[in-house]
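The values are calculated or read from the model by the stated rules, or taken from the named source; none is laboratory data. In this text, all values refer to a predicted model and were calculated from it rather than measured experimentally. Cβ atoms come from the backbone with ideal geometry, glycine included; neighbour counts cover every protein chain shown. Calculation scope for accessible area: heavy atoms of the full protein, side chains included, ligands and nucleic acids excluded. Shrake-Rupley method; radii C 1.70, N 1.55, O 1.52, S 1.80 Å.
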Amino acid sequence: MKKRLFLGTLATAATLPALQSAHAAVPARGPALLTVTGAIARPNRGPFEPVRDQMMHKQKLSFDKAHAFDFAALSALPAIAIQPTLEYDGKVHALRGPLLLDVLKAAGATLADSSKIVLRAVDGYAAGITVAQARAHRYIVATQMDGAPMALGGLGPLWAVYEADKVPEMASKPVQDRFGSCPWALYHIEVQA
């Protein structure tokens, strides 16, 4: 009798992780392109792992929970198009991707206007903006430029960027001074509540 009780308890316990995960965010199916950490409520992966997260380890990052986005997850979010003049060639280019704040909402981020967002590129370059700035400037996480996915080794595969030509205080600056808060080759975002 005790053996049956033990086996029944074991079977019930085995189903608990499946029930709990039904309410959790869906894990990335493909390679993670963007990892959001900090003040988030919908993690879909576990804590920092020094071997798995080598780039973050070398950049002295750590976290208890994260939301990882693959290309499909980012592409599933509503996208908008912007047309900034870029500093690299002085020409207008069509960039497309979800609003940065929509990406953060998908991760369950705390989005008070004064909350700080740290945007980090693969080379370690980091820029900090507030939620209010991200909203006012309509930052996107660009996944496409001129109708094609952006390649790693260029400005992609992701770029946190806004249409500087439409922001009066930025449009008045020389084009090379407009994008200091826009890391290309974006791979990590930290939300600080």
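Only residues that are open to solvent by 90 Å² or more (accessible area, probe 1.4 Å) and either in contact (Cβ under 8 Å) with a residue 24 or more places away in the chain or not small (Gly, Ala, Ser) (or both) were counted across the range 163-172, and they come to 3.
Residues are listed down the side, and each one gets a yes or a no for (1) modelled with pLDDT of 95 or more; (2) loosely packed, with under 14 Cβ neighbours inside 10 Å; (3) out of contact with any helix residue (DSSP H, G or I) (no Cβ under 8 Å at 6 or more places or on another chain):
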residue	(1), (2), (3)
Pro17	no, yes, yes
His23	no, yes, yes
Pro27	no, no, yes
Glu49	yes, yes, yes
Ala66	yes, no, yes
Leu74	yes, no, no
Arg96	yes, no, yes
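From the list Ser115, Ser181, the lone residue that is of a type outside the set (Val, Ile, Thr), at pLDDT 95 or above, over 26 Å from Pro27 (Cα atoms) and surrounded by 14 or more Cβ atoms within 10 Å (Cβ to Cβ) is Ser181. Among the numbered conditions (1) more than 15 Å from Tyr125 (Cβ to Cβ); (2) over 12 Å from the mean Cα position of the chain (by Cα), the only one that Ala142 does not meet is (2).
Is it true that some residue in the range 130-137 is open to solvent by 10 Å² or more (accessible area, probe 1.4 Å), farther than 15 Å from Leu95 by Cβ, out of contact with any Cys (no Cβ under 9 Å at 6 or more places or on another chain) and modelled with pLDDT under 95? It would help to see each step written out before you state the result.
We begin by selecting, within the range 130-137, every residue open to solvent by 10 Å² or more (accessible area, probe 1.4 Å); these are 130, 132-133, 135-137.
If we keep only those that are farther than 15 Å from Leu95 by Cβ as well, we get 130, 132-133, 135-136.
Then keep just the ones that are out of contact with any Cys (no Cβ under 9 Å at 6 or more places or on another chain); that gives 130, 132-133, 135-136.
Next, from what is left, pick out any that are modelled with pLDDT under 95: none.
No, because not a single residue in the range 130-137 is open to solvent by 10 Å² or more (accessible area, probe 1.4 Å), farther than 15 Å from Leu95 by Cβ, out of contact with any Cys (no Cβ under 9 Å at 6 or more places or on another chain) and modelled with pLDDT under 95.
Residues of the range 98-128 that are of a type in the set (A, V, I, L, M, F, W, C), in a loop (DSSP other than H, G, I, E, B) and in contact with a helix residue (DSSP H, G or I) (Cβ under 7 Å, 6 or more places away or on another chain): Leu111, Ala112, Val122.
Being modelled with pLDDT of 95 or more, out of contact with any Pro (no Cβ under 6 Å at 6 or more places or on another chain), open to solvent by 40 Å² or more (accessible area, probe 1.4 Å) and under 19 Å from Ala39 (Cα atoms): is that true of Gly147 here? Lay out the reasoning, then the answer.
Values: modelled with pLDDT of 95 or more: yes; out of contact with any Pro (no Cβ under 6 Å at 6 or more places or on another chain): yes; open to solvent by 40 Å² or more (accessible area, probe 1.4 Å): yes; under 19 Å from Ala39 (Cα atoms): no.
It is false that Gly147 is modelled with pLDDT of 95 or more, out of contact with any Pro (no Cβ under 6 Å at 6 or more places or on another chain), open to solvent by 40 Å² or more (accessible area, probe 1.4 Å) and under 19 Å from Ala39 (Cα atoms).
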